[in-house]
Structures are given as structure tokens and as C-alpha cells.
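A short write-up of the structure that comes next.
Every read-out reported here was derived from the displayed coordinates using simple, explicitly stated rules and does not represent laboratory data. Note that the structure is a prediction, hence the values are computed from the model and not measured. With ideal geometry, Cβ positions are generated from the backbone for all residues, glycine too; neighbour counts draw on all protein chains shown.
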Amino acid sequence: MSTVSLRAVSKEFQARADRVLAVDGVDLAIAHNEFAAILGPSGCGKSTVLNMVAGFERPTRGRVLVDEQPVDAPGPQRGVVFQEAALFPWYTVLDNVTFGPRTRGVPPGAYRPKVEGLLDLVGLRGFERHYPAELSGGMKQRVGLARVLVMEPALLLMDEPFGSLDAQTRSVMQELLLSVWERHQQTVLFVTHDIEEALLLADTVVVMTARPGRIKTRIPVDLPRPRTLETTTSPRFNELKRQLLGLVRQDALT
Amino acid sequence: MSARRAPWAVALPLVLLLLWDVAVSRHWVAEGIIPAPAQVARSWYTWIFGASTASLSPYSGTWVANVLHSARRVLLGFVLAAAVGIPLGVFIGWNRLVARVVDPSIQLLRPVPITAWLPFAIAVFGIYDASALFLIGLGAFYPIVVNTTHGVRDTNLLLLRAARMLGAGPATVLTKVVFRSALPSIFTGLRLGIGVAWTAVIVAEMIAVKSGLGYVLWDAYYVGRMDICVATMFSVGLLGLASDQILLRVSRLVLRWRALEAHA
């Protein structure tokens, strides 16, 4: 299991002639087994925060630590699920899911039982020989999730993974993720702009403001687990939702 | 080509053949310069199968041998071009330093037509196969290297990140992601390359060697056998089409995942 901590992290991007401050002085700590959601409007730098934790991008200032170690490159101990599934289109579902273990030279005998279990878990049995182009958006995301889970990462980084799915599929995927997380209890950093999604999934919702991205508040979600879609109809859920709506709207207006 | 589309594909060639025949029989073209289609067909037949009676034609029955000469040169030159062009294109596309060092020279040399290299090739390699292979290889090399470079540079950043995140090192990223993702572009380069190779083989054989379809074409022109010239043009066209179709089939087989994408 894993902890994440960002200390006074800023990130600037070179945009044509000038430099754009995307993330400004972010301090953030995520505990072992915590499910944290970063909530914010598009362009607020929340994906940049995730990319820095993943090791895809380096902070301009400040430090990004995972398990007290500075992050300097991406790696299988920090599994990333992307918004567009980012599957390898030339590989079948099975080859996509086994890419990680094959790359690291794990013998097939060692990963095969685990892969079969995972395919069952995400409901992809019978689709092993299909190519990504033959799958629906939701199924692609299941493959994206399975190929990361097979590495048994201590930290799961999810960048609006269900953002491009239709409402129905999104609910199914959210419940799937809840059941996966309740079973394995990884530390999760989940980026979203969907308030209900953040509340349904997370232990903590971190609200970010836009341009430059700063952390506005951090709200603990005290809804009981296990959670299901029913959770979204509880009074406490709606109370929290109202609170978050206020915070996000206030920011959108300024 | 499917059976359903075939009638449409042959309609225009038939009309053109008819027009050609009418033009010759009505003397729209100067007599004795352009042979009639039937004359070309007869000469072509003799060229392929030989004549039953003792023939005076030096071309009789030599078609297969000449086709093999040309095809062998095209294949060798093309394989040479691919063997150099694909790896070089991958490195130019992948490594900024290699691109800075190599790419300007390629862009500088690329506009020099293959025909302009002829005297150089003959001076260096002489009237031998090596001359022809140099010209064919060089001609096919440019489209292959340029398209490979382009394909590599086009690799989706997310796929590179995904591979690194899954634990892939530079070698795995290059072979399992970058190369795979560049393959459609590489096949485009190969198809353009084989087309240039057929152009180059004719040019090379006309001047730099003494065998093959290009040699026959030039020789027939000198002795006034326009029927053989036209038959040679058809032969080259058909061989070019056949080699392109072979590459197309191979690419469809290798890029099966892409066909599915197009239908999605």
C-alpha cells in the first residue's frame, strides 16, 4: 500500500512565447488505502497533478513523493487508467491485459490464473481475442483497468476514466470500481469533474480552483461503505453534494 | 478486386483499347508509327511464347527471362531500401539528435531525380547490376524512410505513457509500441517505394545494364519495333500493379486490427 504527498508543487508549461502556470503551490497528502478524488472544472490542472504523481511530468517547483520517495519516472507500482483507454490497438484484449507482466518477463504460468480472474471480475471473459476497435467505450475502460490491476499496483491513478462514457455505462463502471477497491483497498487518486462521481467513490474530495490550479478545500466524505448507486439517494449524499456544488459554482463564476 | 466491381474496373480500359484501335485503323495517327492493339498482342504473344516457325525476331521467347531480370533487380533494390530505410526512419523519428544530423542531408538529396544519378552510378559501379541496384535502392529508399519517420513521430503520446507505466523500457517501447504504431505509415512508404523501384529499374536498364525490360524497351525503340515497346509498357504496368497488390495484401494481413477500426 502506498502514500502520496505533494509539497508546494507548482507546474509551468511553455506555451508559445510565455509560460503558463498550470498548478500553483499544491500541498496534498493521501494516506494508505485512501480513495481521494480531485474535483475541479476542466483546465484546472487536476490532470497535471495526476501526471506528476504518475511520473509523466515533473514539477517545476516543489516535491512529489510516493511512499516518501521522489517520483522520477512512471512505473508499474503506480497504475494509471486514462480517460481515453489508451489501449494498444494492435493487440487483442488478452495481449493488452498481459502487456505488463510479459514486458517484465513474468512467465505465463505465473500471471495466467490472475489474468483469468481479472477478466472474470471486469466481465471480459469471451472477449480475449477481440481487438480494441471491436469493443464499446465501457469495455475498453474495463481492459484499461484490468491491464493495470494485473500489476497489483499499490497506487491507482485514474484520470477521468469514465468521463467519455454514457450515463448508464458510467454507473456500471463506478460500481465495478467500488467492488474492486473494496476488495483490494489500493490507494486511489481519482480525477473527475463530476461531483456525484467524486462523492460516490471517494473518502476525500479535494476541490481545485482553475487557472492557476490551487487546492481550495478538502472535504471528508463520511458516507458508509460498502456504497452502491443507492448511496446517491441518501440525504447525507445530497447534503454533501449541495456543499460541493456551492464551492464549484462559486469558482466557475469568478 | 471483388467480382462485383470487376466489370466496372475493366470498362474504361476496354473503351481506351477500342479508341486506340479506331485511331490506328482510321489513320488518325501517322501510319507505321503506332501499331494496332492486335499487332501489339501478337508481338507480345511471340515475345512470351516464341514463334512456331523459325522467327527472325530477336525478342522471340525472351519475355520471361527479361521479366525475371527486372523483377530480381526490383526485389533486391527494394529489400535493400527497406532494410536501410525502415531502421533509419525509426531512429530519425525517435531520436532528435539523429534527426538533426541525418534528416537535413536526406531532404537535400531527395529532390535529386533518380535519372540525374545515372551518370554517377555508371561512373562508380560501371555497366553492371550494381549500378541498377544503386538507382533502384536509392529511389525506393526516400519514400520508405520519410514515411517511416512520419509514422514514428505520429505515435500517440498516451500509448507511450501507458507502455512506460506498465514497466516497458526503451527497447520494448520502440519495438512493441512505436514500431507497431508506425506500421501503417511504413506500409504506405513501401508501396510508394515499390512504385519508384519499377520506374528506376526501367531507367537503369535502358542505360546501365544489358538485360531486362528497360533494355528491351530502348533496344526495340532503336530498331523501330514500337509494338514491342508498347508490349513492354504493358508488362511493366502489370508487374507494378501485381507487386503493389502483393504489398497491399500483406499490409491488410499484418494490420488486421486497423481494418476493424475502419468498420467501427
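Using the Karplus curve 6.51 cos²θ - 1.76 cosθ + 1.60 with θ = phi - 60°, what ³J(HN,Hα) values do you get for each residue of region B:173-183, in whole Hz, with x for Gly and Pro?
Per-residue couplings from phi come out as 4, 5, 7, 8, 10, 4, 5, 4, 6, 7, 3 Hz.
So which lysines can A:Lys216 reach, going by Cα to Cα under 20 Å and dropping same-chain residues fewer than 8 places off?
A:Lys11, A:Lys46, A:Lys241
Please compute the average number of Cβ atoms from other chains found within 10 Å of each residue's Cβ in peptide A:43-56. Could you put the intermediate results ahead of the total?
Working: counts 0, 0, 0, 0, 0, 0, 0, 0, 1, 0, 0, 3, 3, 6.
Rounded to a whole number, the mean comes out at 1.
On alpha-carbon atoms, Rg over Rh for region B:129-185 using Kirkwood Rh? List each step's numbers first, then the result.
Numbers: Rg = 15.5 Å, Rh = 12.8 Å.
That ratio equals 1.21.
Give me the Kirkwood hydrodynamic radius of region B:113-264 in Å, from all C-alpha pairs, to one decimal place?
Numbers: mean 1/r = 0.0560 Å⁻¹.
17.9 Å is the Kirkwood radius here.
Could you give me the radius of gyration and the Dmax of region A:136-189, taking only the C-alpha atoms into account and expressing both in angstrom?
So, for region A:136-189, Rg and Dmax equal 10.8, 29 Å respectively.
Just to be sure I understand: with springs between alpha-carbon atoms less than 10 Å apart, which residue in B:Arg110, B:Arg26, B:Arg42 has the highest mean-square fluctuation in the Gaussian network model of chain B?
Between B:Arg110, B:Arg26, B:Arg42, it is B:Arg26 that shows the largest mean-square fluctuation.
Expressed as an acute angle from 0 to 90° and rounded to the nearest 10, what is the orientation of the C-alpha long axis of helix A:235-253 relative to the principal long axis of chain A?
60
Looking at chain A, what % of the alpha carbon pairs are farther apart than 22 Å?
55
As a test of the formula, what do you get for chain B when each DSSP H run with n ≥ 4 contributes -39,500 (n - 2.57) and the sum is divided by the residue count, at 222 nm and rounded to the nearest 500 deg cm²/dmol? Write out the running numbers ahead of the final one.
On the way: 11 runs with 197 residues, N = 264.
Theoretical 222 nm ellipticity from helices: -25000 deg cm²/dmol.
Please report, in debye to the nearest 20, how large the charge dipole of chain A is about its Cα centre when each Lys and Arg carries +1 at its beta carbon and each Asp and Glu carries -1 there. List each step's numbers first, then the result.
Details: 30 positive and 29 negative charges, 76 e Å.
Around 360 debye, computed over chain A.
To check my understanding: the extent here is largest minus smallest coordinate of the Cα atoms along each principal axis. What are those three numbers for chain B, in Å, largest first?
73, 52, 33
Which of B:Gly77, B:Gly50, B:Gly32 moves the most in a Gaussian network model of chain B with Cα springs under 10 Å?
Highest fluctuation among the options: B:Gly32.
Pick out, from A:Ser5, A:Leu178, A:Pro41, the residue whose Cα sits farthest towards the positive end of the charge dipole of chain A, with +1 on the Cβ of Lys and Arg and -1 on the Cβ of Asp and Glu.
A:Ser5
What dipole magnitude, in Debye to the nearest 20, does region A:87-152 give about its Cα centre under +1 on Lys/Arg Cβ and -1 on Asp/Glu Cβ?
On the way: 9 positive and 6 negative charges, 20 e Å.
Dipole of region A:87-152, to the nearest 20 debye: 100 debye.
In what order do A:Asp194, A:Asp159 fall by count of nearby beta-carbon atoms within 10 Å, going from fewest to most? It would help to have the intermediate numbers written out before the result.
On the way: A:Asp194 16, A:Asp159 23.
Going from least to most buried by this count: A:Asp194, A:Asp159.
Among B:Ile33, B:Ile114, B:Ile136, whose mean-square fluctuation peaks in a Gaussian network model of chain B (Cα, cutoff 10 Å)?
Per the Cα network of chain B with a 10 Å cutoff, B:Ile33 tops the list.
Over the Cα atoms of region A:17-116, how large are the radius of gyration and the largest Cα-Cα distance (Dmax), in Å?
Rg then Dmax for region A:17-116, in Å: 16.9, 54.
Please report, in whole Å³, the volume per residue of the convex hull around the C-alpha atoms of region A:112-204. Walk me through the intermediate numbers first.
Values: hull volume 9.1 nm³, N = 93.
Convex hull of Cα atoms, per residue: 98 Å³.
Which ³J(HN,Hα) values in Hz, rounded to whole numbers, follow from the phi angles of region B:87-104 under the Karplus curve 6.51 cos²θ - 1.76 cosθ + 1.60, where θ = phi - 60° and Gly and Pro get x?
x, 5, x, 4, 6, 5, x, 8, 10, 5, 5, 4, 4, 5, 7, 9, 4, x
What does the average come to when, for each residue of peptide A:83-94, you count the partner chain Cβ atoms lying within 10 Å of its Cβ?
Details: counts 1, 2, 2, 9, 3, 10, 9, 11, 4, 1, 0, 0.
If you average over the peptide's residues, the count of other-chain Cβ atoms is 4.
Taking loop as defined by DSSP and a crowding limit of 14 other beta carbons within 10 Å, which GluC sites (Glu not before Pro) in region A:37-99 fit?
Numbers: sites: A:Glu57, A:Glu68, A:Glu84; in loops: A:Glu57, A:Glu68, A:Glu84.
Sparse-neighbourhood loop GluC sites (Glu not before Pro): A:Glu68.
Considering only the protein assembly as shown, what is the antiparallel percent among its DSSP beta bridges, to the nearest 5?
Working: 22 of 41 bridges.
That works out to approximately 55 percent antiparallel.
Over all residues in A:95-102, what is the mean tally of Cβ atoms on other chains that come within 10 Å of each residue's Cβ? All intermediate terms of the calculation are to be shown ahead of the outcome.
On the way: counts 1, 2, 0, 0, 8, 6, 2, 5.
Mean shielding by partner chains, rounded to a whole number: 3.
Can you give me the P(r) profile for the protein assembly as shown? Cα pairs, bins 20 angstrom wide beginning at 0, each as a whole percent.
Answer for the protein assembly as shown: a P(r) of 18, 37, 24, 16, 4, 0 percent.
On the principal axes of its Cα set, how long, how wide and how thick is region A:87-152? Give whole Å, largest value first.
Result, largest extent first: 30, 23, 18 Å.
By the scheme Lys and Arg +1, Asp and Glu -1, what is the net charge of all other residues having a beta-carbon under 11 Å from that of B:Ser251? Spell out each step's value before the answer.
Working: positive: B:Arg191, B:Arg249, B:Arg252, B:Arg256, B:Arg258; negative: B:Asp244.
Net of charged neighbours comes to +4.
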